[in-house]
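Accompanying notes for the structure given below.
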Amino acid sequence: MTHTSHSLKKWMTRSAVSLAIGASSFAAIFATMTAHAHRPFILPSSTIVSGKTPWVSFDAAAASDVFYFDHMPLNVSNLIITAADGSIVKPENLNTGKFRTSFDLPTTLPGTYKISVVNEGVNASYKENGAPKRWRGSIDAFAKEVPANAEGLEVTYNQGRIETFVTNGKPSTTALTATGKGLELTPITHPNDLMAGEKAQFRLLIDGKPASDVKVTVIAGGIRYRQKLDEQSIVSDKDGKIEIHWQGAGMYWLEATHKDNNSKLAAAKERRLSYIATLEVLPQ
């Protein structure tokens, strides 16, 4: 196959996927926070800055190729920015466009900031007057809008986080403290101290405890210009630890997913957990 025909086939495949999924609602894609054709991310303009008041800009989106903007903006209504001292700060210049949501952050404090979109929601399917019906929304809305005695009711509780990290000057760990809710990543290697040619280790937690057997996918940016995705597939060990061998310098997309039955919603038999991070690996 020639390079031209390969590119055409790849474009046609992307277009077909976009048409098939484009009809889904904004809320439906991000409420579930599960693996899907379009990958959500928060992309910082820089991950390491210095100075008294260095600014960082962020683009948040879901796209066919990670770190490109070809599908839809990310809903950041649940955006939480944890400053280097552990306080919660607000973004500036927030704007939502056709393909991305953008915002700025003045990193006035020295140390590491954690930028997170935290999602929680419910998926339900049942029959109403004999016809199949699907519902997605918040826990509070579920109690009000879905009949508890609905025919064939099946409910899934979803928790997810989308994160990135920025450091002003020397890396710190105060902002990286786990909340103890859902699936989270904590540093063994600091997320703003990643170098090409070196290994990085992180620990995954579920509800604050080491999470074993969690499936992790790592994809290097620039996949639009590669014939293969070249993803890394990793499974956390008994202590929740994962080890990543970087393929080179650049931006990386990490996704971890897991299922269990520890739902705080009595009607839900299953809980689906997801965690996504954007990480930058620097050259030696």
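Figure legend. Inter-residue proximity from the stretch 161-184: first residues over 20 Å from Ser57 (Cα atoms), second residues exposed (fewer than 15 other Cβ atoms within 10 Å of the Cβ) and modelled with pLDDT under 95, beta-carbon distance below 7 Å, spacing 6+ or different chains. No pairs are indicated. The one condition from (1) free of Cβ contacts under 8 Å to residues at least 40 places away in the same chain; (2) more than 22 Å from Phe142 (Cβ to Cβ); (3) hydrophobic (A, V, I, L, M, F, W, C) that Ala266 does not meet is (2). Restricting the stretch 198-223 to residues that are assigned to a loop (DSSP other than H, G, I, E, B) and at negative phi, the residue that is surrounded by the most Cβ atoms within 10 Å (Cβ to Cβ) is Ala211. From the list Asp70, Asp65, Asp85, the one residue that fits, being modelled with pLDDT of 95 or more and among the charged types (D, E, K, R), is Asp85. Scanning the stretch 44-86 for residues that are charged (D, E, K, R) and part of a strand (DSSP E or B) returns a single hit, Asp59.
Which members of the stretch 69-81 meet the condition of being in contact with a Lys or Arg (Cβ under 6 Å, 6 or more places away or on another chain) and surrounded by fewer than 19 Cβ atoms within 10 Å (Cβ to Cβ)?
Of everything in the stretch 69-81, just one residue is in contact with a Lys or Arg (Cβ under 6 Å, 6 or more places away or on another chain) and surrounded by fewer than 19 Cβ atoms within 10 Å (Cβ to Cβ), namely Phe69.
Just one of the numbered conditions (1) part of a strand (DSSP E or B); (2) under 30 Å from Val155 (Cα atoms); (3) aliphatic (A, V, I, L, M) is not true of Leu105; which one? With (1) part of a strand (DSSP E or B); (2) under 30 Å from Val155 (Cα atoms); (3) aliphatic (A, V, I, L, M) applied to Leu105, the lone miss is (2).
Within the stretch 187-213, residues that are within 16 Å of Pro171 (Cα to Cα) and among the acidic types (Asp, Glu) sit with their Cβ atoms under 8 Å from residues that are at pLDDT 95 or above and assigned to a loop (DSSP other than H, G, I, E, B), at 6+ positions apart or across chains, in these pairs: Asp193/Pro171. Of the strands (runs of 3 or more DSSP E) lying entirely inside the stretch 224-284, those containing at least 2 residues that are surrounded by fewer than 20 Cβ atoms within 10 Å (Cβ to Cβ) span 232-235, 241-245, 250-260.
Look at Val235 and say whether it is among the hydrophobic types (A, V, I, L, M, F, W, C), modelled with pLDDT of 95 or more and closer than 22 Å to Arg271 by Cα. Working first, answer last.
On the way: among the hydrophobic types (A, V, I, L, M, F, W, C): yes; modelled with pLDDT of 95 or more: yes; closer than 22 Å to Arg271 by Cα: yes.
Against the criterion (among the hydrophobic types (A, V, I, L, M, F, W, C), modelled with pLDDT of 95 or more and closer than 22 Å to Arg271 by Cα), Val235 qualifies.
Filtering Asp140, Asp104 for residues that are more than 29 Å from Leu43 (Cβ to Cβ), surrounded by fewer than 15 Cβ atoms within 10 Å (Cβ to Cβ) and under 24 Å from the mean Cα position of the chain (by Cα) leaves a single hit, Asp140. The listed residues are Lys133, Lys170, and the only one of them that is at pLDDT 90 or above, farther than 29 Å from Arg39 by Cβ and of a type in the set (D, E, K, R) turns out to be Lys170. Here the condition is being over 16 Å from Ala256 (Cβ atoms), under 19 Å from the mean Cα position of the chain (by Cα) and assigned to a strand (DSSP E or B); of Val122, Val117, it holds for Val122 alone.
Would you confirm whether any residue within the stretch 247-255 is of a type in the set (D, E, K, R) and under 24 Å from Thr164 (Cβ atoms)?
Keep residues of the stretch 247-255 that are of a type in the set (D, E, K, R), which gives 255.
Among the residues that remain, those that are also under 24 Å from Thr164 (Cβ atoms) are: 255.
Yes, there is a match, as at least one residue in the stretch 247-255 is of a type in the set (D, E, K, R) and under 24 Å from Thr164 (Cβ atoms).
Taking into account only those residues within the stretch 157-197 that are among the basic types (Lys, Arg) and assigned to a loop (DSSP other than H, G, I, E, B), which is farthest from the chain's Cα centre (by Cα)? Spell out the reasoning first.
Keep residues of the stretch 157-197 that are among the basic types (Lys, Arg), which gives 161, 170, 181.
Applying the additional criterion that residues be assigned to a loop (DSSP other than H, G, I, E, B) yields 170, 181.
On the way: Lys170: 25, Lys181: 15 Å.
Top of the filtered list is Lys170.
Pairing each residue of the stretch 44-61 that is without any contact (Cβ under 8 Å) to a residue 40 or more places away in the chain with any residue that is surrounded by 17 or more Cβ atoms within 10 Å (Cβ to Cβ) and hydrophobic (A, V, I, L, M, F, W, C), provided the two are 6+ apart or on different chains, yields C-beta distances under 6 Å for Ser45/Val56.
The values are calculated or read from the model by the stated rules, or taken from the named source; none is laboratory data. Being a predicted model, the structure only gives us computed values, none of them experimental. Neighbour counts run over all protein chains shown; Cβ positions are idealised from the backbone, glycine included.
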